[in-house]
Amino acid sequence: MSLDLTDLTGEPRLLLEARLRPLQGSRFQPTGFPNLGPAVYDAPDGGRTVLVESAQSMANRLETVCWDEIADDWMAPIRGLPLVKVMDEEGGKVTNSVLDAHRLNSPYILESKDTTFFDLLKGRLAAMETGRVDLRELARVLLQFDVNSLLHGVFLAKRDLAGGRLRLPRALSAFIEATGVSVVTSGGVKNDSYDPSGDTAKGFGNVPFSRDEYAADRITAYFNLDLQQIRGFGLGDQAEALLIALALFKIRKFLVEGLRLRTACDLDPVEVSVTRPDGFALPTLTELAGELPGLVQGVADQGMFNTPRVATVTYRR
């Protein structure tokens with residue numbers, strides 16, 4: 001079947017919600033922040049709420065579920081999308097523009113003494129050294145080298161690239177919240193059967209500890225796809241369909257395979273719903289996996305991807 005996106009025509013956003021629950025038991029461990037711990041707050045309705053997963057972390061997770069670590073490539077349905085791989089001088093893997101937190105702005109890509117790719121990128125963006133940044137041209141360049149950056153955003157914060165002014169916000173954003181939460185406090189001890197009173201600073205001795213987990217009335221994952229931003233790229237119908245299908249594939253794949261957020265936070269989807277626009281039927285993962293190879297090839301046939309699809313940087317300090 002052909003992917004039907006007509007219900008999204010003219011709509012500014014596609015909003016999805018996924019009701020989640022702990023895979024086993026009732027407890028879960030939310031994300032923690034340095035010097036802060038979990039982000040716990042009172043919602044506008046007065047209910048106690050905790051941020052289970054932040055937008056930054058969710059972007060990383062939506063990228064990770066699309067990567068085949070064994071093949072060192074995209075998952076099969078989206079294989080053929082462009083990206084940049086970074087290798088060391090012995091040919092070993094360093095990182096790539098899908099998995100690196102900064103995508104194309106990775107220091108391993110832009111700060112390497114191997115400037116082959118940097119010079120190519122700079123040449124494509126040379127027209128923006130002065131004057132207003134042409135976001136449509138930036139989008140075409142990102143589509144050419146790293147489609148992922150069009151969905152998850154990028155900030156090319158390097159003076160030699162248009163004075164460090166090149167940035168795109170996320171077109172796909174997500175987060176997970178739990179409402180009606182209560183703290184579940186427990187504890188334990190690290191036992192040292194040989195020397196219980198040993199020097200704990202060096203790892204010896206018995207060490208008691210406390211542990212806070214949470215239970216909640218409701219856990220919800222929220223997804224926001226900015227359709228207006230995608231259309232604003234001006235890439236044409238084929239590329240727009242690819243970006244939307246890729247975003248939906250990421251969401252569906254995450255909800256099937258990516259919900260083991262931490263050792264003590266393993267979640268399961270209960271229900272997925274479209275909250276905007278009315279009437280849009282969310283394709284299944286199987287349907288998306290079946291449609292994406294043709295969409296990838298269609299954009300490639302228009303000459304919009306780099307040749308070769310995988311650009312390589314040798315990282316030299």
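The values are calculated or read from the model by the stated rules, or taken from the named source; none is laboratory data. These numbers come from a predicted model, not from an experiment. So basically every Cβ, Gly included, is an ideal-geometry build from the backbone, and we count neighbours across all protein chains shown.
Of note:
- Looking only at residues of the stretch 27-65 that are of a type outside the set (G, A, S), touching a strand residue (DSSP E or B) at 6+ places or on another chain (Cβ under 6 Å) and within 27 Å of V94 (Cα to Cα), we find that the one that is surrounded by the fewest Cβ atoms within 10 Å (Cβ to Cβ) is T31.
- Within the stretch 44-92, the set of residues being in contact with a Lys or Arg (Cβ under 9 Å, 6 or more places away or on another chain), part of a loop (DSSP other than H, G, I, E, B) and more than 20 Å from V313 (Cα to Cα) comprises V65, C66, M75.
- The listed residues are A264, A300, A241, A281, and the only one of them that is under 20 Å from the mean Cα position of the chain (by Cα) and assigned by TED's automatic domain parsing to the domain that holds D226 turns out to be A241.
Per-residue answers, yes or no, for (1) more than 20 Å from A311 (Cα to Cα); (2) at pLDDT 90 or above; (3) of a type in the set (S, T, N, Q):
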{"position": "S97", "(1), (2), (3)": "no, yes, yes"}
{"position": "F155", "(1), (2), (3)": "no, yes, no"}
{"position": "G163", "(1), (2), (3)": "yes, no, no"}
{"position": "E177", "(1), (2), (3)": "yes, yes, no"}
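- Tally of residues being surrounded by fewer than 15 Cβ atoms within 10 Å (Cβ to Cβ), at pLDDT 95 or above and small (G, A, S) across the stretch 266-289: 1
- Members of the stretch 150-159 that are out of contact with any helix residue (DSSP H, G or I) (no Cβ under 6 Å at 6 or more places or on another chain) and farther than 29 Å from A241 by Cβ: R159
- Any hit, the stretch 246-257, residues being of a type outside the set (V, I, T), in the same structural domain as Q56 (by TED's automatic domain parsing) and in a loop (DSSP other than H, G, I, E, B): no
- Evaluation of V98 against the conditions (1) of a type outside the set (D, E, K, R); (2) without any contact (Cβ under 8 Å) to a residue 60 or more places away in the chain; (3) part of a helix (DSSP H, G or I) shows that the sole unmet condition is (3).
- Cβ-Cβ contacts under 7 Å between residues 6 or more apart (or on different chains), taken from a first residue in the stretch 291-314 that is touching a residue at least 24 places away in the same chain (Cβ under 8 Å) to a second residue that is charged (D, E, K, R), are listed as V310/K85; T312/K85; V313/D114; T314/E89; T314/D114.
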